[in-house]
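For reference, the structure is listed below as structure tokens.
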Amino acid sequence: MLLLEHDAKTLLEAAGVPVPSGWLADRSGDPVSMPGPWIVKAQVPIGGRGKAGGIRAAETQDDVAAHVAAMIGMTLKGHPVRECRIERRVAGAEAYLSLAVDPEGAGIRLLVSATGGIEIEALHEAGSVVRSALAAPDRDSVMTAFADLADRIPPMHRAMMRDAVSRLAEAFFRYEATLLEINPLFLTADGWIAGDAKMILDADAAPRVPAMGALIRDRRAAYPETFLKLTEGFDFAAMDQAGRVGMVTTGAGLSMMLIDELTARGLRPFNFCDVRTGQMRGDPRRLIDVLRRISAGPAIGVVLVSVFAGITHLGEFATLLVAAMRAVPELRVPVIARIIGNGFDDACRIIGEADLPIIIEPDLDRAVGEVARHLEA
């Protein structure tokens, strides 16, 4: 779950990380609540906003209003801008810090540089300024790793950088982040401050991290897919509004594999889905919700259902699928059901008696072939 900068800074500030004072605006008429100068930042989940025109300096309140008006509604790298963060401008030396889960190293990767800013990626690739260390997944180990890297930091900045690593590591573990990147990290005469923040959280941790769950609920419009997962217990993400294949699948791995398979054949999937059949418990509401979301796709031409039944009984799933399709009559496209496993014969009987446009094909290659055939028809 990649947070918008404003939300990342909200969580970081609550954890004791100094951030520039700021507020969120969704229209140009929102009042300016603090003295300037300011920075106006488009809130989209991407990097490189500055180079794309999504970060602008403002000297006057009229500048702020003009920048917000210009940004709201624009698209940055495919993402619509619906909100802007307006914050006090900060000046100082620019440094860089990041913490990230390192799966290969089974630890936390710490990156440190006494130089920060928009060119940090190029500098990192050149290997000239960014230093790296692997730490065990706890704050004390991260601090030890920093001590091994601190000799390249100017002496006058070491204490501030050490404090920054300490506070950021505490926030990283508190919120069960997988990435926390501060660039730039401003070093000023009064101390350090997080000028920008990129933060990725493990959405599965939301039930045990109250602050994350509260953020998702409060900001549900910004994170609709994560809100859905938190409140309804399954995953659905619309990926391509021009996608023609709606997907009803169980298991994140299976869904991603099918996306790759469809894409390799030149077919465009509309969505990712992990419907989690084992949690349906005889209730079709989850499938109804998924089919309604698919039916909202403007280019949907066919639905591919792929369910491998182990504990789940396909007879029960077929009953729920039939009920869901009858509850969503607006979905007027054929459904290719690649079902296999426990209760297959019962599923065939139930679907066969339903008189609905459902084609059963247990073989994956042939099921994808049926999808292509119906789209070409």
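The values are calculated or read from the model by the stated rules, or taken from the named source; none is laboratory data. Remember, predicted model here, so these are calculated numbers, not experimental data. Glycine also receives a Cβ, built like all others from the backbone with ideal geometry; neighbour counts cover every protein chain displayed. The protein model used for the area step is the full one, side chains on, heavy atoms only, and it has no ligands, DNA or RNA in it. Shrake-Rupley method; radii C 1.70, N 1.55, O 1.52, S 1.80 Å.
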(message) Whole angstrom only: what separates the Cα centroid of the range 281-337 from the Cα centroid of the range 99-118?
(response) 43 Å
(request) Return the distance in nm (one decimal) between the two label points of a simple spin-label model at residue 51 and residue 239, each offset 7 Å from Cα along Cα→Cβ. (result) 2.6 nm
(message) Rg over Rh of the range 1-50, using C-alpha atoms and the Kirkwood radius, what does it come to?
(response) 0.96
(request) Rank by packing, highest mean first: peptides 309-316, 59-66, with packing defined as the count of other Cβ atoms within 10 Å averaged across residues. (result) 309-316, 59-66
(message) Once you place label points 7 Å from the Cα toward the Cβ at residue 188 and residue 349, how far apart are they in nm?
(response) 7.4 nm
(request) Springs between alpha-carbon atoms under 10 Å, Gaussian network over the chain: tell me which of 181, 104, 170 tops the mean-square fluctuations. (result) 104
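Under a Cβ-only charge scheme (Lys and Arg +1, Asp and Glu -1), can you give me the dipole magnitude of the range 1-100 about the Cα centre, in debye to the nearest 20?
On the way: 11 positive and 11 negative charges, 57 e Å.
Charge dipole, the range 1-100, about its Cα centre: 280 debye, nearest 20.
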(request) Give the peptides 142-151, 5-14 in descending order of average Cβ contacts within 10 Å, highest first. (result) 5-14, 142-151
(request) Specify which residue in the list 61, 46, 75 is farthest towards the positive end of the charge dipole of the range 41-85, using unit charges on the beta carbon of Lys, Arg (+1) and Asp, Glu (-1), about the Cα centre. (result) 46
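Using a probe radius of 1.4 Å on heavy atoms only, what accessible surface per residue do you get for the chain? Whole Å² is fine.
Working: 17370 Å² over 377 residues.
Solvent-accessible surface per residue comes out at 46 Å².
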(request) Compute the projected area of the convex hull of the Cα atoms of the range 275-368, averaged over all viewing directions, and report it in nm² to one decimal place. (result) 5.5 nm²
(request) Find which of 266, 324, 251 sits farthest along the positive direction of the dipole of the chain, computed with +1 on the beta-carbon of Lys and Arg, -1 on that of Asp and Glu, about the Cα centre. (result) 324
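Placing +1 at every Lys and Arg Cβ and -1 at every Asp and Glu Cβ, with all other atoms neutral, what dipole size does the chain have around its Cα centre, in debye to the nearest 20?
On the way: 40 positive and 49 negative charges, 118 e Å.
For the chain, the charge dipole is close to 560 debye.
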(message) Given the DSSP H assignment, sum -39500 (n - 2.57) over each helix run of at least 4 residues in the chain and divide by its residue total; what's the result at 222 nm in deg cm²/dmol, nearest 500?
(response) -11500 deg cm²/dmol
(request) Treating the Cα atoms of the range 233-324 as identical point scatterers in vacuum, please give the log10 of the normalised Debye intensity I(q)/I(0) at q = 0.19 Å⁻¹, two decimals. (result) -0.83
(request) Could you work out, for the chain, what percent of all Cα-Cα pairs fall into each 20 Å distance bin, beginning at 0 Å and stopping at the bin that holds the largest distance? (result) 25, 45, 27, 3
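After finding the eigenvalues of the alpha carbon gyration tensor for the range 1-95, what semi-axes result from the square roots of 5 times each, listed largest first in whole Å?
On the way: eigenvalues 71, 61, 34 Å².
For the range 1-95, the semi-axes come out at 19, 17, 13 Å.
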(message) Can you work out the Karplus-derived ³J(HN,Hα) for every residue in the range 208-215? Use 6.51 cos²θ - 1.76 cosθ + 1.60 with θ = phi - 60°, whole Hz, and x for glycine or proline.
(response) 10, 10, x, 5, 5, x, 5, 4
